[in-house]
Amino acid sequence: MIQWLLPLSILIVFELIADILAKSWSLKGGWLLVSASLLGYLIANTFWLFALKNGSGLGRGAIIFSLVSAIIAILLGIFLYHEKTSTTQIIGMTLGIVSLIFIFWE
C-alpha cells in the first residue's frame, strides 16, 4: 500500500470537518465554532506533514488534496447547505475527477 495515502486521507477528512465548522461559524458565529474550526485545520495540516514525509510528493500530494477536498466541499455545499452549482462548476468537478484518474494511473 502507498504509505502516504493514509495521512493524506486523514488530512482531507479533518480539512472537511474544519470547513463544515467554518461554514457553520459564518452562519451562526460563536467562539466555539471558530476555535473548533481552527483546531481542525491545525490537525489537518499536521497530517499533511506526515503525508509529505511518507512520500506523497509536494506536487502530487497537493493536487490530490486540492481536487478531492474541492469536489467533496462542492458536494457538501450542494447537499448540506443547499448552495447552487453552475454547469461550469459541474464540468470543473468532472475534469477534476478525470485528472485524479490520470494522477493515479501508473
Being modelled with pLDDT under 95, over 26 Å from THR88 (Cα atoms) and more than 10 Å from the chain's Cα centre (by Cα), is that true of even one residue in segment 58-71?
-> yes
Counting only residues in segment 72-90 that are within 24 Å of SER24 (Cβ to Cβ) and β-branched (Val, Ile, Thr), the one farthest from the chain's Cα centre (by Cα) is identified as THR85
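The values are calculated or read from the model by the stated rules, or taken from the named source; none is laboratory data. Since we're looking at a predicted model, the values are computed, not measured. Glycine gets a Cβ as well: all are built from the backbone with ideal geometry, and neighbour counts include every protein chain shown.
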